[in-house]
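Taking it in order: structure first as structure tokens, then the write-up.
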Amino acid sequence: MKAGYISQLSAGIFSFTPMGWRVVNNIKKVINEEMENINCLEANLPVIQPSSIWEQSGRIDSFIPPLANFYDRRDKTMIIAPTHEEAVIELVKNNLKSFRDLPFSIFHIQTKFRDETRPRGGLLRVREFEMKDAYSFHQDEKSLDEEFDKFSEAYFKIFNRCGINVVKVAADSGAIGGKVSSEFISVSDSGEDTILICESCNYSANEEKAEFLRSKKNLGSFEKHEEVETVGIKSIESLSKFFKLDKEHFLKTMIYIYDEKPILITLSGDLDVNETKLKNYLGGEPRLADEKEIKNLNLIPGYISPFKNQIDTLLDISVDINSSYIAGANKENFHIKGIVPKDDFSNVIASIDIANAKVNDKSPYCKENCAGFKKLKGIEVGHIFKLGAAYSSKMDLNFLDSNGKINDVEMGCYGIGVGRLLAAIVEANSNEDELVFNKEVAPFEIYLASLNTDKDQVIDNSEKIYKELCGANFSVLYDNRNESPGVKFNDFDLSGIPFRVVVSSRSLSNNQVEVKNKYTGNSELIDKNELLDYLKNI
């Protein structure tokens, strides 16, 4: 915003200035070229979609954030598209008949709208945005896997050409769904994504997806069902100090409400609930029970456990059902020792991974000597999904195989947020005073600054240089304003343009111009007659 690339119109809605739009179009050009390199064909899908296709896919009420919609003049509900899986299936199923038509992929770059509750971070979390979506269509999973790898390689090339280094991490599929997904993260302290990386085995994942090994401490045993008075002691931290035991000796239980019913989530005392994993298991959005709801269940906040409790219970895999723990006694000011889940919990419905990984936890993919996770912040710039038949089976996208049998199409989905990518490039290549783009995405290659604009010699030479540079196919921003050098140099610093050519009375007295290279920070005086050759070779 400081550089004059964008202007905020409303919360999460931005206009792009001509300078900003040039960068966006250069990013799109890189994307288009790399999509063409993997034979992904460009199409175009509409922003406004009938609600009927969202009803067919089952996402009309489940998409988060809720779908923005309006009634048209025919009283039909129309959706302002946040994504295009439904629309692309409607396009493809009118043309796909046989296995001979597969595989293929198509993409588009289109405006989308998601009514985020808390838009923030400039272009990082917006409501209206442009995204490159690609979709691939296959006979079987093997073909999908091959195409998924092709897109992954293409994405690395796109981000490298745009001037950022990315890390590919395992990710939660979120509102898009599917079986497997990976995010491409540009590492940045200002990013809103947290990723965990194991340098020993190279496993990396978004924090909300990360798998990890649970502690295998010998927990010992307690006298069975010994009640201990713990007046006002509710937190695991306080219990650990009171009993002088590590947190792993305790069970932590949280109450969530899902589908208007309570569910207990129990895990080792040293861990926290991962609500994304919980949501994925349940297939919907759970929420923490409030104090009133807890009391209506005849439970006491801070003293809850599945002991003698008929509420459905989910255990994290950190809970060893044969070990002895300390847990809430479901009685105010009391905890109970010697709880053995296998014997004492009657309504356990599953034991699954529903805990947050953290720094120094061990990767499950290390064979030996795991160094533990490191934590990094980053900006998600791309997300690719193996959708499988999640949409095609619901929306009748199928084909006849070689045996004449009807099969659901296997699909892949591949997204890049164009505005987010621009924001990530800025974060990776700028500071408070200077913005640097590489030649592929910079709005112009050269900033031509004419100083002493009251001198005919300066104006004449500047005009001549400008025409020569344009004739040599350089893109040039020519600044001939009647402003001071300080104003022009500051504008150059914020422009993102990599090279500055300064024409002034002083330099022309020696038949020279000054060239600054933003990549190196160096400035040189160059004979004006050799300027073209110089710029062609840097």
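What follows draws every value from the coordinates through simple rules; no lab data is involved. This is a predicted model, so every value here is computed, not measured. All Cβ positions, even for glycine, are placed from backbone atoms using ideal geometry, and neighbour counts span all protein chains on display.
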So for the pair TYR365, TYR71, with labels modelled 7 Å out along Cα→Cβ, what separation do we get in nm? 5.1 nm
When you count, for each residue, the other Cβ atoms within 10 Å and take the mean per peptide, how do 294-305, 354-365 rank with the highest first? 354-365, 294-305
Antiparallel bridges, percent of DSSP beta bridges restricted to the chain (to nearest 5): 80 percent
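Say R0 is 45 Å: what FRET efficiency, to the nearest 0.05, do SER62 and SER238 get from their beta-carbon distance?
So, using R0 = 45 Å, E works out to roughly 0.70.
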Determine the sum of side-chain charges near ASP344: Lys and Arg each +1, Asp and Glu each -1, restricted to other residues whose C-beta is under 12 angstrom from that of ASP344. +3
So for each of 450-456, 461-467, 312-318 I average, over its residues, the number of other beta carbons within 10 Å; can you give me the resulting order with the highest mean first? 312-318, 461-467, 450-456
What nm distance separates the two modelled labels at GLU192 and LYS29, each placed 7 Å from Cα along Cα→Cβ? 3.1 nm
For the ranges 14-23, 417-426, what's the packing order if you count other beta-carbon atoms within 10 Å of each residue, average per peptide, and put the highest first? 417-426, 14-23
Modelled FRET efficiency - R0 60 Å, GLU226 with LYS142, Cβ distances, 0.05 increments: 0.55
Virtual spin-label span in nm between LYS308 and ARG118, 7 Å along Cα→Cβ: 4.0 nm
Kindly state, to the nearest 0.05, the FRET efficiency for LEU288 paired with ALA350, given R0 = 25 Å and r defined as their beta-carbon distance. 0.80
Where does each of CYS198, CYS366 land when they are ranked from fewest to most other beta-carbon atoms within 10 angstrom? CYS366, CYS198
Can you sort ILE13, ILE164, ILE263 by how many other beta carbons sit within 10 Å, fewest first? ILE13, ILE263, ILE164
Rounded if a/c under 1.5, otherwise prolate or oblate - the range 26-150, Cα gyration tensor axes: oblate
Name the shape class, rounded, prolate or oblate, that the alpha-carbon gyration tensor gives for the range 446-536, where a ≥ b ≥ c are the square roots of its eigenvalues, rounded holds for a/c under 1.5, and otherwise prolate holds if a/b is larger than b/c and oblate otherwise. rounded
